[in-house]
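These notes are about the structure you will find just below.
The values are calculated or read from the model by the stated rules, or taken from the named source; none is laboratory data. Values in this document were obtained by computation on a predicted structure and should not be read as measured data. No Cβ is skipped: glycine too gets one built from the backbone with ideal geometry, and neighbour counts run over all protein chains shown.
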Amino acid sequence: ESAGVPGESLTTFQLRSQIGKSGLEKSFDSYLQGSSGGEIWQVDPSGFQYKLLEKKLPTQGNNLHTSLDIELQLVAEEALGDKTGAVVVMDVISGEVLAMVSHPSYDLNELTPFIPKQVYARIDKEGGWLNRCIQGLYPPGSPFKIVTATAALRCGAASADTTVECTGKYRVGNRLFPCLRRWGHGHIDLIDAIAYSCNPYFYEIAIKTGIDQLAEESRGFGLANPTDIELPYETKNMVVPTPAWKKAKGFGSWTLGDTANMSIGQGYLLVTPLQVACLATSIARGEHAAVSPTLLHANPLRVCWSGVRPQKPLGLSQQDYALILQGMQKAISVGTSKRAFLPGITVAAKTGTAQTYIQGGKKERDLAWWMGFAPVHNPKIAIAVMIGETQDEDRFGGGSTAAPIAKAIIETALIDNAT
């Protein structure tokens, strides 16, 4: 029976309709759904159908072709194992996401046809509902040093000839800021500062650069805004701090110590692992632009990639860009990312170990980061790995914990798939 305009009920969901509740199925529900069709009849008081008012044939829903590479997805899942963390792998050329892993997760089979209370409680306790790739916010640690380097090179605060004396600590006002290497690196230039992750080098060039330029560089790489990937519920709460932001939050005036902290990816800075993968993609492309990642080969709701990408060059000289690439390559050969070394494959990387804090300034846990791309001079894939520290870790850090995961992915993508 039609309660209103004939045909109205044919455009609504039936009680037995299946709808997308999360992920791409939620974002593209109306596109995937199709329609069940039906008939509207006029009936007499006894229920006899005597006049067909409208008939609508069922229509098949549309298909979506995801960009995920099942082999890379499985390798990333296996390499991450039972660690808490996130992995994102992207195609440098197209911006397609080839793998996206967040742990802990859950088995979809446990949620069908309904979710038992004990299963829900277990997943909730483990944090399995959170997609860390797009919803988790973390200080990026040393991978952000690449942003600091590009900002300093752009404004002339650093060059190939800029060296800093690293003694293992760096004084800013009345406070001593530490280096990863407690006894210091001695005189160090930009290439080695990237390769060996020397904090004092970046403290100094960031203070010379200034917070305004550093924040502007970060915004240029898209770190202040969501990526607008097709998944629902991507966080919008990422933070690229500025003096105005700090004051508005009631945290007081901006200090040089804040700039020093931000220069190494600490302080108030918060980003998602997907944003770090996009940053790696931008550096691999040699662009100063926010990458638009996609989980689809063809997105019906936006203009699809045509094979020709509008470019926004990094804006550095070839010589300055080469300094960054050389530093990231040296991190693989002799620096902090040696455990991602692969014979015959040139890889550029930046590792990091970041600290997260709870209210009151007490350290909560460390995070291990790996950001990079390969091959260096004809980049095909970009990767971000983030791992949360657990109590049973003997050695923990970007080089020891995250780098082997990246290595397994690169080996599969560029060596195994090429044979």
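Restrict the check to the stretch 248-258 and report whether at least one residue is touching a residue at least 40 places away in the same chain (Cβ under 8 Å) and within 30 Å of THR84 (Cα to Cα). Yes, there is a match, as at least one residue in the stretch 248-258 is touching a residue at least 40 places away in the same chain (Cβ under 8 Å) and within 30 Å of THR84 (Cα to Cα).
Scanning the stretch 280-298 for residues that are more than 17 Å from GLY372 (Cα to Cα) and crowded, with 19+ Cβ neighbours inside 10 Å, which turns out farthest from the chain's Cα centre (by Cα)? Here the residue is LEU296.
Results for (1) farther than 16 Å from ILE93 by Cα; (2) at pLDDT 95 or above; (3) outside the structural domain of ASP189 (by TED's automatic domain parsing), shown as yes or no for each residue.
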site	(1), (2), (3)
ILE264	yes, yes, no
THR281	no, yes, no
GLU287	no, no, no
ALA290	no, no, no
LEU314	no, no, no
LYS363	yes, no, no
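Among the residues of the stretch 253-290, those that are closer than 17 Å to VAL385 by Cβ and part of a helix (DSSP H, G or I) comprise PRO273, LEU274, GLN275, VAL276, ALA277, CYS278, LEU279, ALA280, THR281, ILE283, ALA284. Going by the conditions given, is VAL88 surrounded by 12 or more Cβ atoms within 10 Å (Cβ to Cβ), modelled with pLDDT of 90 or more and out of contact with any Asp or Glu (no Cβ under 6 Å at 6 or more places or on another chain)? It is true that VAL88 is surrounded by 12 or more Cβ atoms within 10 Å (Cβ to Cβ), modelled with pLDDT of 90 or more and out of contact with any Asp or Glu (no Cβ under 6 Å at 6 or more places or on another chain). Counting just the residues of the stretch 106-138 that are in contact (Cβ under 8 Å) with a residue 60 or more places away in the chain and of a type in the set (S, T, N, Q), which one comes out nearest to VAL239 (Cα to Cα)? The selected residue is GLN135. Inspection of the stretch 198-214 finds a residue satisfying the criterion of being assigned to a loop (DSSP other than H, G, I, E, B) and either surrounded by fewer than 22 Cβ atoms within 10 Å (Cβ to Cβ) or free of Cβ contacts under 8 Å to residues at least 12 places away in the same chain (or both).
Which of the residues spanning the stretch 333-350 are in contact with a Lys or Arg (Cβ under 7 Å, 6 or more places away or on another chain) and more than 18 Å from CYS179 (Cα to Cα)? Within the stretch 333-350, ARG339, ALA340, LEU342 qualify.
Among all residues of the stretch 334-346, there is at least one that is surrounded by 21 or more Cβ atoms within 10 Å (Cβ to Cβ), modelled with pLDDT under 95 and over 21 Å from VAL92 (Cβ atoms). GLN33 meets each of the listed conditions (1) farther than 27 Å from VAL385 by Cα; (2) exposed (fewer than 14 other Cβ atoms within 10 Å of the Cβ) apart from (2).
Tell me which residues, restricted to the stretch 277-296, are without any contact (Cβ under 8 Å) to a residue 40 or more places away in the chain and small (Gly, Ala, Ser). Within the stretch 277-296, just GLY286 meets the criteria. Scanning the stretch 101-118 for residues that are within 20 Å of GLU71 (Cβ to Cβ) and in contact with a Pro (Cβ under 9 Å, 6 or more places away or on another chain) turns up just one, SER102. On the given criteria, is SER46 of a type in the set (Ser, Thr, Tyr), assigned to a loop (DSSP other than H, G, I, E, B) and modelled with pLDDT under 65? Judged against the criteria, SER46 is not a match. Within the stretch 162-187, the set of residues being outside any loop (DSSP other than H, G, I, E, B) and farther than 23 Å from GLN355 by Cβ comprises GLU165, GLY186, HIS187.
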